[in-house]
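Let me begin by presenting the structure, written as structure tokens, before commenting on it.
None of the figures in this text is laboratory data; all of them are computed from the coordinates on show. All values derive from a computational prediction rather than experimental measurement. Note: ideal-geometry Cβ built from the backbone for every residue, glycine included; neighbour counts use all protein chains shown.
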């Protein structure tokens, strides 16, 4: 940390206030930082988020249970599947059908969650590398991400906003050959990660920008309520998949990579290792993917077959009821959480017994991390904002809701 | 699993714990507003809840008291989770701030304040976070219409823009 020299007083210099953002190349996502500078040293920092606020929670209260799925896509739009899964798991718990969902749907949810985690980590690291000048690493990462996007596109029919889960199962079954496609994608991604390791992990320029920059202590990270790779980079072993296993994570064999220093480099490295673990999970899960239906066999939740809709009065009634009124969920409250690429993603849902949520609160994992940024960055140089902010992986849609 | 925490809370604070349940495995305690800070300090210092995971408001409009603030806590060392709730009346939606206990409560309380109009006593910097300071009303209250528009703000003078 550079201290103000005594000569500053004689020179009558003033602190300079710079507004970085909301539209600034380094502020991916829309966030404004009011930066107070002494030369290049950060004296003070005030973060002003909210430029992407769409009123997610208000909209949820006005939409029906299954319609909200489309809104959850737009929270963390780099790993939408995980948002879909987290929301739907919460609703299924409330509706009391979480034990009745077919196994194939659950396995598919887990597999695509891991694919999504890979795309998210790849995007985050790509942006982080590009912002510190490693453009070729960015291109490699995006190439690997493309492999996984193709998998997701193949299964869900969309590239970014999938809206793929439904209460009681998933919308589309995975087509033939998905397993092979994922294994091919893993093979390609492994090669890319090897290349990037060679390019970046021991690169002098990258090390200078990231090692011992943006330090956060274990105690601070816990006090701020930070979860995910940011917390694990400080050495705290907390991963929802291990601590509170959901889906079939307790049957999977994987490790939780931990950092030592809690600096930018550790965050980069934890993410790199986590991708390898995700690929391990995929390799174990794919052969175990069972055959069978992907939607619960309950007319209260499942749309009837088109054949029944056209040929029987019960089918028509069932169809119309589900389309016009949607499902009903008994009164209650639930907090259901999953491990999203940024940390713990939780949905706190209150139902008063109806076809709409009474309250649907999201706990966005990058919210507490952004909150801790001023403390991390004070005293550093202005250029240190860039890799630190890149390592946070702030997603505007999730942060501002 | 965290039932022991609820038992301990009831034993320690007696009447201050109004209600408990563990629907869907989420252990929940409804606490009197006056003793919330005391309860939280106890949970952090003695029960090992180092983390405040989430803080949010709920508006139960026709019911009384109307507002609810919901805290989700997590203990890393013991693996417990617990949900603490506190009810606030409409006329006087004030509750003690949790910033002295967990500094991570700061932004969550600012968010809760701007969306529900709940005031947090002892908060160091209670201003808007996601909305802008001129925003009229509290948008997540149930009596705020879903399609309501906000007035257009006057433009700043060119020299101060």
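Taken along its principal axes, the alpha carbon cloud of the range B:79-156 reaches lengths of 49, 28, 27 Å, longest axis first. When the alpha carbon coordinates of the protein assembly as shown are projected onto the principal axes, the ranges are 89, 62, 54 Å, largest first.
Among B:125-136, A:149-160, A:367-378, sorting by the average number of other beta carbon atoms lying within 10 angstrom of each residue, highest first, gives A:367-378, A:149-160, B:125-136. The mean count of C-beta atoms from other chains within 10 Å of the C-beta of residues in B:53-63, rounded to a whole number, is 5. Here the Gaussian network model covers chain B, with springs between Cα atoms less than 10 Å apart; of B:41, B:11, B:23, B:23 fluctuates the most. Give the separation of the Cα centroids, the range A:62-135 to the range A:281-335, in Å. Centre-to-centre (Cα) distance: 19 Å. Projecting label points 7 angstrom from Cα along Cα→Cβ for residue A:26 and residue A:289 puts them 4.3 nm apart.
Per-residue Cβ neighbour counts within 10 Å put A:217, B:35 in the sequence A:217, B:35, beginning with the fewest. The long axis of helix B:36-45 is offset from the longest Cα principal axis of chain B by roughly 60 degrees.
Taking each DSSP H run with n ≥ 4 as -39500 (n - 2.57) and averaging over every residue of chain A yields -14500 deg cm²/dmol at 222 nm. Its relative contact order, with pairs defined as Cα atoms under 8 Å and 6+ residues apart, puts the range A:56-400 at 27 percent. Treating each Cα of the range A:284-366 as an identical point scatterer and summing with the Debye formula, the log10 of I(q)/I(0) at q = 0.12, 0.26 Å⁻¹ comes to -0.61, -1.09. Helix A:80-95 and the longest principal axis of the Cα set of chain A meet at an angle near 50°.
Rg over Rh for the range B:3-160 works out to 1.04, using Cα positions for both radii and the Kirkwood form for Rh. Peptide B:100-107 has a mean shielding of 5, counted as Cβ atoms of other protein chains within 10 Å of each residue's Cβ. For the residues of A:136-146, the average number of beta carbons from a partner chain within 10 Å of their own beta carbon is 0. Peptides A:302-315, A:33-46 ranked from most to least packed give A:33-46, A:302-315, packing being the mean of other C-beta atoms within 10 angstrom over each peptide's residues.
Helix A:366-377 and the longest principal axis of the C-alpha atoms of chain A enclose an angle of approximately 10°. Take the convex hull of the alpha carbons in the range A:95-165; its mean projected area over all directions comes to 5.6 nm².
Looking at the range A:100-230, I'd like the Rg to Rh ratio, where Rg is from alpha-carbon atoms and Rh is Kirkwood's inverse mean 1/r. Reported Rg/Rh (Cα atoms, Kirkwood Rh): 1.06. Panel note: the C-alpha atoms of the range A:25-125, placed on their principal axes, show extents of 62, 33, 19 Å (largest first).
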